[in-house]
Every structure is written in structure tokens, then in C-alpha cells.
Amino acid sequence: MKRSHSFLTTLRETPAEAKIVSHRLMLRAGMIHQTSAGIYSWLPLGLRVLKKIEQIVREEQDKAGAQEVILPLVQPADLWRESGRYDAYGKEMLRFCDRHERDMLYGPTAEEVITDVFRHAVTSYKQLPQLLYQIHWKFRDEIRPRFGVMRGREFLMKDTYSFDISQEAARLSYQLMFRTYLKTFARLDLTSVPVKAPTGPIGGDLSHEFQVLAETGESEIFYDVQLEQLRQDPAEVDIDKLIQIYAAADELHDPKTCPVPEDQLKTARGIEVGHIFYFGTKYAEPMNAHVSNQDGERVPVHMGSYGIGVSRLVAAIIEAHHDAKGIIWPESVAPYKVGLVNVRTGDQPCDALCDQIYQSLSNAGVEVLYDDRPERAGVKFADMDLIGLPWQIIVGPRGAPQRQVELKNRLTGEVVTEGVASAIERMIA
Ligand code: ATP
Ligand code: MG
């Protein structure tokens, strides 16, 4: 993408309404636009990141054997009356009537809809286990939307639902998703701490939240230092053991009953990026989602649900990866891999070399944002650091005649001068 043709506009000033760094940086980098309180438009740069995160989340779900579906955003109240949650859910649920005076709602979650899908399709234990997921928008009329996409009213969630014949089988699904979450967050370059969680309006008896450590997190978390072993390969982690290790958030932590000795207890702030529940037959029973078991009896199916805040993750990643100059994207989710800076647009050798680099990288499938605007070099450097692409290739009038460029690593700040061919080669590798 050439900057001169792109929609992107950056802000030099810090927007006054933004209280935390990720919100400030998302606005300054032109990733989002607030359309209404807690309701955002995703602009091209922001959408590229959102899509990359979504894709990593999707790949890990697929690897776990979950199958993707899309469920409706607008749901009939009758399904929620069946489960008994229509009155229980409260004002966070946006309710309205269609033209036939039928009560409808904008889905805050989808247990009822998926249970309805399931009961029409699955009749026997032989068809179990099943894991279904979607990546789709949710609406919750949060009382205090804040911090940009961190706590929006409309937000993108990945929600998976598991269906098993028994509690023991359901625990295996739970553990599979638990491991899948560790893998997903590791690919996003995040340190996630799983903490035991209250089950809230969704109900059930086994639940964990995945908290990303960040100073601006809304939860205070307390955990046994042993949990830091999580930095090891998620594929190797013994989930059963891990679940035994102490970790709790906010009021669930009671210093009087905490089993961890003080010198082994860590305190940090966390952002909840994922939440998993096992809730047994809570929906299956009232909604009549029964299957026949091995003895031919009709039994309610055991279910779990597993959420990831995909749009919240964009902000959480920025909270974990930034400096005073701007965002520092991990390569896995960067909107472009390379930022190409033409220090003197209009200078023939600079323009020619930039064009060549832009063409070669684009042809090789490397995503490049080429700043070809007739702006001062300082403005272009500041913008590139703000946007935070992992690599910058800087082409200036001194090096261009010798076909020399500077290659800058945004994370380390390291700059090396090299020949254009080897710089291109390194970016393609
Ligand atoms: P929170 O405690 O942050 O309000 P929750 O417990 O109500 O979240 P869940 O029902 O567990 O949320 O939803 C699954 C995931 O969706 C959460 O872990 C979080 O990452 C994300 N999420 C929930 N509410 C919001 C929101 N208002 N804005 C953005 N993401 C959200
Ligand atoms: Mg939650």
C-alpha cells in the first residue's frame, strides 16, 4: 500500500478522551473511529490487525478439531425464555420488537442459539463430542463502556461451544480448549495467566479466565509464582496440574484463606482476554437438548462455552507491546511487515530504489506500507514508529546512489546499513 493513496491519517496530538495507552495509540494511528459510545468503526489499518488476530484464533480452533459456524446476531426472545435467562440477563441485553411485535434481542452471547441448533441435529452419543465455534459480533449494553475497544458495547468475540455425553468427557473438551487458549495467546506474543473465575450469569461449576498481564488491566490478580512456568511450550503443559496452581482475581482472592506463602505470591494487573466455562446440563435440560446414551436412554448433553475477546485483544496486545514512540507490533499480527520510508520523495535515485523495493517485496507476498508522500523525513519517521510495523526500510539520498538502505528493527531500535538486495532478501525470508 502506498501511503499517498491510503485512507490512513495519523494524529500528532493525544486525544483527550483516551485514558489508557492502547486507546490513545489506536486513535493516533488511525485504527478506529468512535461512531457512538462503545461502538467503533474499524478503519483499514485497524481491520488488518483484527483480521490477523481472528485468523490465528481460527487456526488454533481448527487444529483443536472445532468447526466454524455463524450464528445470528439478532435472536428471538423465545429461545431465551426457554432457558430461563431472558429475565435474568438484565439491562446489558439490547431488546427490541420486530414489525410483528415479536420480542427480539441483539445477542450478547449464543448458548441458547447453539443449543437450539444442536438439538435439531444431534440425537445420539455416537455423534459426540462436538465442538462448534463462531467469530462474530456481540452487543452488550455496558453501563460504562470505556478504554476504547477494550470495553466496548459492540465487540468481536470468538465463542466455542462443546457438547459431550458425560461430565468426564466434558472435562476433556474443557482441557482441550484450555490448552488451545495457551497456544493461541502464545502466538499473539502475550503472557496469559489462567485464573479461577466466578461463573456469573452463564452459570456452571468450572471456569477460568485468561488474564494478560498489563499495568492498565481492570482486574487485580494474585497467583503462585509457579504459574510463570507457562512461558514454556503450551503443548507440554500438564493442564490438570496447572489447574491446581493457585491464581485468583479481585474479590475471589482472600488473603486469609490463600494457600500460597506470601513470598511465593505474585500480584499483578490483568486484562481478561478469554473465559472458559463448563456448565453441565444447565441449558440442555430446560431446552430439551437430549441424546440417547449407550443404554438407549435419553440424557441431557453436557456443555461448555469458551470465549475470546478478539477486538479486546487488539488493545491488549498494544498494552503489552509499545514504547514512548508508539506501537510495537509482534510480527504475527502486524498490519504490514515492512514500512518503506522514502526520505526524499522526488529525488530520482530515492524514488527509483523505493519503487524497486516496493515491487520486489509485494511480488514476494510481503506486506509493505510505502510512505511516498512529499513530507518531511521527520514526519515519516515519527509516523512509522507510531504505527509500529516490525521493520522499516529507510531509503535516503546519501545511500540511494550506491543502492544502500537502512534496515531498522522497531522492537530493538537497531539500524543496519546494507545493500538493497540483502535487505530485500532478509524481509522475504
Ligand atoms: P468482563 O468481565 O470483562 O466484563 P465478561 O466476563 O462479561 O467480561 P465473557 O462473557 O466471559 O465476558 O466474554 C468472553 C470474552 O469476551 C471476555 O473474556 C472478554 O475478552 C470479551 N469481552 C467481554 N465483554 C467485552 C466488552 N464489553 N468489550 C470487549 N470485549 C469484551
Ligand atoms: Mg468473563
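The values are calculated or read from the model by the stated rules, or taken from the named source; none is laboratory data. Just so you know, these numbers come straight off a predicted model, no measurement behind them. Quick note on the areas: whole protein, heavy atoms, side chains included, nothing else; ligands and nucleic acids left out. Shrake-Rupley method; radii C 1.70, N 1.55, O 1.52, S 1.80 Å.
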For the Cα atoms of the chain, what angle does the longest principal axis make with the long axis of helix 44-63, in degrees from 0 to 90, nearest 10?
50 degrees
In whole percent, the fraction of accessible protein surface over the chain that belongs to carbon or sulfur atoms, probe radius 1.4 Å, stands at 49 percent
Gyration tensor on Cα atoms of the range 279-429, a ≥ b ≥ c root eigenvalues, a/c under 1.5 rounded, else prolate if a/b beats b/c, else oblate, says prolate
On a 31 Å Cα-Cα criterion, which of the cross-link pairs LYS138/LYS256; LYS266/LYS337; LYS19/LYS158; LYS241/LYS325 come out too long?
LYS138/LYS256; LYS266/LYS337; LYS241/LYS325
Given the C-alpha centroids of the range 21-86 and the range 89-112, what is the distance between them in whole angstrom?
18 Å
Equivalent-ellipsoid semi-axes of the range 123-261, from the Cα gyration tensor, Å, largest first
25, 22, 16
Between 0 and 90 degrees, rounded to the nearest ten: what's the tilt of helix 167-187 against the longest Cα principal axis of the chain?
10 degrees
Can you tell me the accessible area per residue over the chain, all protein chains present, probe 1.4 angstrom, in square angstrom?
45 Å²
